[in-house]
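The values are calculated or read from the model by the stated rules, or taken from the named source; none is laboratory data. The structure presented is a predicted model; accordingly, all values stated were derived computationally and were not measured. Quick reminder, even Gly has a Cβ in these numbers, built from the backbone with ideal geometry, and neighbours come from all protein chains shown.
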């Protein structure tokens with residue numbers, strides 16, 4: 001069982017946005033996502049925080065090196081129509097996200113065909129099983145690559161790491177679909193088409 005982990009003190013003079021967020025949220029630990037969809041505080045502008053394409057979180061250009069702090073912020077992340085925000089009961093601040101906010105770093109597969117189950121663990125320890133509530137989507141990437149994503153919650157997706165992408169695509173099969181023969185991955189009764197890869 002996960003224990004609460006004390007967060008580091010972040011003491012910039014006068015207290016910055018990050019310090020206020022930490023103070024508002026309190027200690028990190030084994031709690032799940034906050035009910036951010038029910039909170040609607042005032043928008044307080046952008047803070048200098050971004051999530052890189054590989055899921056690494058940065059603050060003022062420096063990686064946030066404490067996993068407990070990253071996990072804490074991930075529990076209050078929300079996708080608004082115009083931007084990604086961190087939301088507390090008292091404020092809402094915008095952050096930059098290069099691609100998807102999370103990375104799917106571990107995969108477990110059982111069974112085959114439509115009876116197959118595929119589950120992922122994200123870099124912030126969310127556990128999701130592919131299905132109607134957590135669908136897969138595939139996008140065509142650069143240089144003939146394919147980029148898979150799995151929906152974690154509330155419009156927040158996790159990009160599947162490159163190493164796991166190969167394993168995931170290896171599960172694919174061709175099926176006859178209304179639009180013709182289609183290559184895709186079956187899981188939990190669903191079928192998730194993979195776009196044609198240039199040069200493949």
>> Return the residues of the stretch 59-79 that are within 16 Å of residue 96 (Cβ to Cβ), out of contact with any helix residue (DSSP H, G or I) (no Cβ under 8 Å at 6 or more places or on another chain) and buried (at least 16 other Cβ atoms within 10 Å of the Cβ); say none if nothing qualifies.
In response: 70, 74, 79
>> Residues to consider are 82, 106; find the one that is assigned to a strand (DSSP E or B) and surrounded by fewer than 15 Cβ atoms within 10 Å (Cβ to Cβ).
In response: 106
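Residues are listed down the side, and each one gets a yes or a no for (1) assigned by TED's automatic domain parsing to the domain that holds residue 85; (2) at pLDDT below 95; (3) farther than 16 Å from residue 77 by Cβ:
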site	(1), (2), (3)
109	no, yes, yes
112	no, yes, yes
115	no, yes, yes
124	no, yes, no
128	no, yes, no
136	no, no, yes
140	no, yes, yes
148	no, no, yes
151	no, no, no
> Here are 121, 137, 175: which of them is assigned to a strand (DSSP E or B) and over 30 Å from residue 70 (Cα atoms)?
Replying inline: 175
> Does residue 159 fit the bill of being in contact with a strand residue (DSSP E or B) (Cβ under 6 Å, 6 or more places away or on another chain) and either closer than 27 Å to residue 74 by Cβ or exposed (fewer than 14 other Cβ atoms within 10 Å of the Cβ) (or both)?
Replying inline: yes
>> Just the residues that are crowded, with 16+ Cβ neighbours inside 10 Å and more than 17 Å from residue 148 (Cα to Cα), please, taken from the stretch 112-124.
In response: 116, 124
